[in-house]
1. Name the one entry in ASP73, ASP68 that is among the acidic types (Asp, Glu) and either in contact with a Pro (Cβ under 8 Å, 6 or more places away or on another chain) or outside the structural domain of PRO142 (by TED's automatic domain parsing) (or both).
2. Residues that are out of contact with any helix residue (DSSP H, G or I) (no Cβ under 6 Å at 6 or more places or on another chain) and more than 27 Å from MET165 (Cβ to Cβ), at least 2 per element: which helices (runs of 4 or more DSSP H) completely within region 47-126 meet that?
3. If ILE83 satisfies every condition in (1) over 23 Å from the mean Cα position of the chain (by Cα); (2) surrounded by fewer than 19 Cβ atoms within 10 Å (Cβ to Cβ); (3) among the β-branched types (Val, Ile, Thr) but one, which is the exception?
4. List the residue pairs whose Cβ atoms are under 8 Å apart, where the first residue sits in region 68-84 and is among the basic types (Lys, Arg), the second is modelled with pLDDT of 85 or more, and the two are 6 or more positions apart or on different chains.
5. Got a number for residues in region 274-290 being over 13 Å from GLU183 (Cα atoms), assigned to a helix (DSSP H, G or I) and aliphatic (A, V, I, L, M)?
6. Restricting to region 213-250, and then to whatever is of a type in the set (A, V, I, L, M, F, W, C) and within 26 Å of the chain's Cα centre (by Cα), can you tell me which residue is surrounded by the most Cβ atoms within 10 Å (Cβ to Cβ)?
7. Scan region 154-163 and tell me whether some residue there is among the polar types (S, T, N, Q) and more than 22 Å from ALA74 (Cα to Cα).
8. From the list LYS100, LYS120, LYS112, exactly one residue is of a type in the set (Lys, Arg) and at pLDDT 95 or above. Which is it?
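The values are calculated or read from the model by the stated rules, or taken from the named source; none is laboratory data. The model shown is predicted, which means the values in this text are computed figures rather than measured ones. So basically every Cβ, Gly included, is an ideal-geometry build from the backbone, and we count neighbours across all protein chains shown.
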Amino acid sequence: MSHQSLYRTYRPASFADVIGQEQVTGPLAEAVKSGKIGHAYLFSGSRGLGKTSVARIFAKEIGCAENDLYEIDAASNNSVEDIRALSEGVYTLPFESPYKVYILDEVHMLSKGAWNAFLKTLEEPPAHAVFILATTELAKVPETVQSRCQVFEFKKPTRATLAKMLGAVAKKEGYTLDAGAAELVAMLADGSYRDALSVLQRVLSNAAEKSVSRGMVETVTGAPRQEQVHALVAALAAGQRGAALVAVEDAAKSGADMKLFLELLLGSLRSTLLLRYAPELRASLQSELGADEFSALETFANGQGITHAVMLAFLTAADRIRYAPIPALPLELAVLEALPE
């Protein structure tokens, strides 16, 4: 396996390598092609979506050499003095490129004074300066700044997109990731490419074999076990209140993260309902879920216990769990609501 982190090894090197951000890469590639380069861009989106990677690609595409590219962490360089120093340097000519490109990461962390100092530079930049501001909190970037930038929003990838990417990376590293394993890693990543590759690296570093199962991911990450989730789904499918409460208690006692346990449960309930009511989705669900999960959920779908009311009760629990003093309590309440006496 690579000694370098997987995120660095598989960091996109061109617009074509960037996955799932066509709404950003398309217009930027067109700007490069037409030569209509703006002086300020603002990239927003949650962490791990590739904002700085795309900024570097764009810099390279417009002919910016390494020594004319400046990356600044605005979280630690956020004072008026820091921005004044940057602004003074902007007016000197590039060393060997048509442009000097400044990438400011976590730009929402700039102080009010720093924003005011920066605004003047944004209003009257020299022709050779290109600013790319990156933020995870667009609402904290002043409107006066946003109005002077071309704003691009990076989207979170779907779990299926992440799972596909993880399978491809594992294959390049010489491993086979089964569908359940890829799905779980994708879920743990919570929509971040960087986090997905970090979790995958941890899993592959601990893999004794070249074939990686969901069970192996559960062991390495401490994620709730599939059989714990299935125990609760089985009890709900059979309408057994007591068994369902015991399943929740067993998961809690094992030290499972109940928020993640609930997320896994909702995924299983959703797939069960889709199998029952949309048989035309059977083939796609089979490839998405993996053989073991598909077989178990198909059995649950054949009964009538899992209904939309059951799903709704646990969806409500997802809202409640963030504030619950006892993490298992919203799930226990959902059981009682879903399976009335």
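1. Selected residue: ASP68, the only one of ASP73, ASP68 that is among the acidic types (Asp, Glu) and either in contact with a Pro (Cβ under 8 Å, 6 or more places away or on another chain) or outside the structural domain of PRO142 (by TED's automatic domain parsing) (or both).
2. So the answer is 80-90, 112-123.
3. Every condition holds for ILE83 apart from (2).
4. Every condition considered, the pairs that remain are ARG84/ALA117.
5. 4
6. VAL217
7. First pass over region 154-163, keeping only residues among the polar types (S, T, N, Q): 158, 161.
Adding the requirement that they be more than 22 Å from ALA74 (Cα to Cα) leaves 158, 161.
Yes, because at least one residue in region 154-163 is among the polar types (S, T, N, Q) and more than 22 Å from ALA74 (Cα to Cα).
8. None of the other options fit; the residue is LYS100.
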